[in-house]
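Structure, as structure tokens:
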Amino acid sequence: MTEAPAPQTRFPGFTPEARAQIDMLRTRYPTAEAVLLPALYIAQRLSGGWLPDEAIQAVAAELDLPESKVYGVVTFYDLFHQKPVGRHRIRVCTNLSCQIRGSAEIMDTLRQELGVGEEEVTPDGRCSYVHFECLGSCDTAPMMMVDDDYRENLTPNKVRDILRGLK
Amino acid sequence: MAFERVLTRNVGNRDALTLEGYKKTGGYEALSKAFKMEPGAVIEEVKKSGLRGRGGAGFPAGMKWGFIPQKDPNQPKYLVCNADESEPGTFKDRLHMEHDPHQLIEGCAICCWAVHAETCYIYIRGEYTKSAVILERAIKDAYDARILGDNAMGSGFKLNMYVHRGAGAYICGEETGMLESLEGKRGQPRVKPPFPAVVGAFGAPTVINNVETLCNVPHILNRGADWFKSIGTDERNTGPKLYAISGHVERPGTYEHPIGITFREMLEAAGGMWRQGNLKAFIPGGASAPILKASEIDIKMDFDTVAKAGSMLGSAAVIVMDETVCMVRSVARLAKFFNHESCGQCTPCREGTNWMELVLKRLEHGEGREGDAMLLKSVAGNVGGNSLCALGDAAVGPVKSLVERFPEEIDAHVRERRCPFPEYRYFKDGA
Ligand SMILES: Cc1cc2nc3c(=O)[nH]c(=O)nc-3n(C[C@H](O)[C@H](O)[C@H](O)COP(=O)(O)O)c2cc1C
Ligand code: SF4
Ligand code: FES
């Protein structure tokens, strides 16, 4: 694959539920700015797992913050993405405890099975994967996160099974 | 006397996830007791217990609470519970949150009462979705039962508690980076002083404590400071402690032991070495802690003894490595981590972590040069002590221990122009 695929989704605008959630969050903090991280999570979810420019702009407008500031925050954190991601996003821990229990073989298996490199999206838009820092599950090494779920005590075969289960 | 598990007593007891189930184990009795005490007396009890912070620095918790100014009762104050748990090797706080969320809520509530903080934020790393969901459900139950809210347990004290999710940045575990992040900013640590006890979250006095630290608090109130002090090595190292052990051990996991258990005993409790390998080295307190050698197996795992050995207890995350492990490769991986996570504010940390990764990587791949060990030492010397927050020093720890304790492994990489150790291949035929 030579090129990043076309974005799967765009930012559809804040739904009434999302707005209500943001308003509820405002009551929790003394400043609107503190709602920024949770609001970015909401916008990212609405956009299919990443933050297109219009999502970032909408969050800035919603919270009355300068866009430059919101961009600065988005680029700081590893869980906000400015590029489209697969429908399923896989993060493989390769930090020390996982490294010495075989995380390289887990990365190899993903590369072979998915046929794309790190941070690329499979042509059908189904998956993307990255290596990641310690995910706080070193006792179940090697491990990876598939979307929000921890998949633990992995072997190459187990990884293949998990991939087959992803639609 | 056999050691009784206290902090982890509800692990595996699914009933404890519910408010009723937690109450059956004596839950919220300590909070009820606290509300009948003067806040100052609660602080005194925690001080007397000798409880030291379980997040990494080992600062006495009671003393920290005592720093919160109480002159102006109308000034807002905050508790921020540090549930960022991103130190490589560490997974103990997750256990608390997933198995016994009310224990943490109760600990937070007692601290809030003691320092007059009406709002508590639990800052949890973004990847811990499961823990966040469990905590939020438990907090909601506590509100419904009026344990939290405008009139907490009928005490007249107003107490709000919220879960706040981080978004993937190790530096947000550093307490002032965390405050910046909580306020909706890039998580770049602040210049200290002023300390958070004076100017913390939203400009107000703030206590920041680790999850495990706060989980100890209900037990101190229930059983008394003297009970707490009766566990451990000495006056300065007291109480039960969680040790997260991983790497080449037979049964990796989180174990509760009296603080000061020896590493040998801890290893035995975890089933010994994985596949009967031979111990080469271990990291006693997370990726920031200098590496210890197998010969130090009998070390007492408490704050002061580990510090005396030139390392640190840190988060008590113990990473065990057998003889097949390449120390250059291990430290190169940790250096990559610190380079990635440096927030970039201070030049020595930003440039130094980059350099250390670069040099270690070339050593790892057999492209090292004569003098690289000296180079690493001098770069490390420039980073350590020259940076705004403790990440700089943390990044230096593993590198220094490599140069000082395993010089022969660096030499072998340079001399043989390759890594003399095998690749880590554990799965036969790709299975
Ligand atoms: C780079 C860095 C990362 C840290 N990460 C964490 C963390 O994930 N969890 C934690 O509790 N403390 C962490 N700390 C320590 C905190 O700054 C702070 O000392 C601690 O939360 C205080 O709580 P305690 O006294 O209860 O331990 C970190 C410190 C540094 C310098
Ligand atoms: S020491 Fe490193 S991580 Fe800490 S503030 Fe400076 S640049 Fe950021
Ligand atoms: S090192 Fe992989 S989860 Fe911690």
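Computed from the coordinates by the stated procedures, all read-outs in this text should not be read as laboratory data. Treat the numbers as computed from the prediction; the structure is a model and nothing was measured. Neighbour counts run over all protein chains shown; Cβ positions are idealised from the backbone, glycine included.
Numbers at a glance
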quantity: Electrostatic dipole magnitude of the range B:127-267 [Cβ: Lys, Arg +1; Asp, Glu -1; Cα centre; debye, to 20]; calculated: 180
quantity: Straight-distance crosslink candidates among aspartates and glutamates, where the alpha carbon sits under 17 Å from B:K185 and sequence neighbours closer than 8 are dropped; calculated: A:E33, A:E62, A:D64, A:E67, A:D78, B:D84, B:E174, B:E175, B:E341
quantity: Exceeding the 19 Å Cα-Cα cut-off - candidates B:K24/B:K48; B:K24/B:K158; B:K64/B:K192; B:K48/B:K77; B:K192/B:K308; calculated: B:K24/B:K48; B:K24/B:K158; B:K48/B:K77; B:K192/B:K308
quantity: For B:184-196, mean number of other protein chain Cβ atoms within 10 Å; calculated: 3
quantity: Loop GluC sites (Glu not before Pro), the range B:206-253 (other Cβ atoms within 10 Å of the site Cβ: 10 or fewer; DSSP); calculated: B:E235
quantity: Relative compactness, the protein assembly as shown, computed as alpha-carbon Rg over 2.2 N^0.38 Å; calculated: 0.95
quantity: Proxy reagent accessibility, fewest Cβ within 10 Å first, across B:M312, B:M37, B:M273; calculated: B:M37, B:M273, B:M312
quantity: Charge dipole magnitude, Cβ of K and R +1, D and E -1 - chain B, Cα centre, debye nearest 20; calculated: 240
quantity: Dipole moment magnitude, nearest 20 debye, the range B:268-317 about Cα centre, only Lys, Arg, Asp, Glu C-beta charged; calculated: 200
quantity: Contour minus Cα-Cα distance for B:R362 and B:A307 (0.36 nm per residue); calculated: 16.7 nm
quantity: The range B:239-267-the range B:1-56 distance, computed between alpha-carbon centres (Å); calculated: 21
quantity: Average other protein chain Cβ within 10 Å of Cβ, residues B:162-172; calculated: 5
quantity: Vicinal HN-Hα couplings computed from phi for the range B:303-315 (Karplus, 6.51 cos²θ - 1.76 cosθ + 1.60; Hz; Gly/Pro x); calculated: 3, 6, 5, 5, 5, 4, 7, x, 10, 8, 6, x, 8
quantity: Options B:G314, B:N354, B:P407, ranked by Cα towards positive dipole end of the range B:280-431, top entry (Cβ charges); calculated: B:N354
quantity: In the range A:27-123, the GluC sites (Glu not before Pro) that fall in loop regions by DSSP, at most 14 other Cβ within 10 Å; calculated: A:E118, A:E119
quantity: For chain B, built as a Gaussian network whose Cα springs stay under 10 Å, the top-fluctuating residue of B:C120, B:C419, B:C81; calculated: B:C419
quantity: Sequence-distant residues sharing a close amide H with B:R54 (under 5 Å, placed H); calculated: B:N210, B:T213
quantity: GNM result for chain B, Cα springs below 10 Å: residue of B:R125, B:R417, B:R275 fluctuating most strongly; calculated: B:R275
quantity: Highest-fluctuation residue, A:M144, A:M107, A:M24 considered, GNM on chain A with Cα pairs under 10 Å; calculated: A:M24
quantity: 0 to 90° range, to nearest 10: angle between helix A:16-26 axis and chain A longest Cα axis; calculated: 80
quantity: Candidates per trypsin sites (Lys or Arg not before Pro) in the range B:186-268, loop by DSSP, up to 15 other Cβ within 10 Å; calculated: B:R236
quantity: Extent along principal axes [Cα atoms of chain A; Å; largest to smallest]; calculated: 48, 35, 26
quantity: Helix axis angle, B:327-341 relative to chain B longest principal axis, alpha carbon, degrees; calculated: 50
quantity: Cα long-axis angle, helix B:391-405 against chain B (0 to 90 degrees, to the nearest 10); calculated: 40
quantity: Shielding by partners, peptide B:87-97 (average Cβ within 10 angstrom, other chains); calculated: 4
